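Working notes, beginning with the structure itself.
Every read-out reported here was derived from the displayed coordinates using simple, explicitly stated rules and does not represent laboratory data. Treat the numbers as computed from the prediction; the structure is a model and nothing was measured. Quick reminder, even Gly has a Cβ in these numbers, built from the backbone with ideal geometry, and neighbours come from all protein chains shown.
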Amino acid sequence: MEPGRRPASVRWEGIAAGLAGAGAVALWFFVRDLLIGEPLRTPALLGAALFGGMREPSEAAITTALVLKYSVVHVGVFALFGWALAALLALSDREPRVRLAVFMLFCCWQVVTLLGLTGFASWLHEPLPWWSIFGANLVAAVAMLAVYAQHHSLVFWRDDMLAPDDDIVVLPRRERRPELEGDARRRGVQARAGGQR
């Protein structure tokens, strides 16, 4: 975190990044839905699954109420995720080793989204294939990182991230001595045979 930045600015940065991510995903699926000829189909499907307990994509009706209810949840989840990520990035400005945790969190987000959708409503994999979800998350990550890049270093690994007191010991490679390998095998066989008596 930059010197003098208050937690309130981190909160607003996180919310802004979350809104950017939510908007990017919404735009991604809006364009996808336009291309297949059914605008707002994706938020309607997700809203019907979340609020209506729908089990079949053919049952989904695109209604303003479903789209709005789902959009509120969508934006809220992204805002909370953005806020948490902004706090981690602020911490990583003071402690660079936390950047690796931030990177892992971004990677895990992909898996969590796909597994969550599978557990929540596996029937959605037909109308929402994995590649479209992956693409939406990738677009969201780029949008969110663009917001975070204004205040944080987004280099996730540098050689100087190790503390000066971290000693990395490089052990020499053990030499193989073929003439002793056969002897060691024989001793092992003899020891096993002796234990079976």
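Ranked from highest to lowest mean number of other Cβ atoms within 10 Å per residue, what is the order of the peptides 31-38, 138-145, 17-24?
Highest to lowest by the protection proxy: 17-24, 138-145, 31-38.
Which of the trypsin sites (Lys or Arg not before Pro) found in the range 54-112 are in a DSSP loop and have at most 15 neighbouring Cβ atoms, other than their own, within 10 Å?
55, 97
Just how large is the dipole of the range 7-161 about the Cα centre, in debye to the nearest 20, putting +1 at every Lys and Arg Cβ and -1 at every Asp and Glu Cβ?
It works out to roughly 200 debye.
For residue 73 and residue 120 in the same chain, what is the full-extension length gain: residue separation times 0.36 nm, less their Cα-Cα distance, in nm?
That works out to 15.4 nm of additional length.
Relative contact order for the range 39-147 using alpha-carbon pairs under 8 Å, separation at least 6, rounded to a whole percent?
Once divided by the residue count of the range 39-147, the mean separation gives 24 percent.
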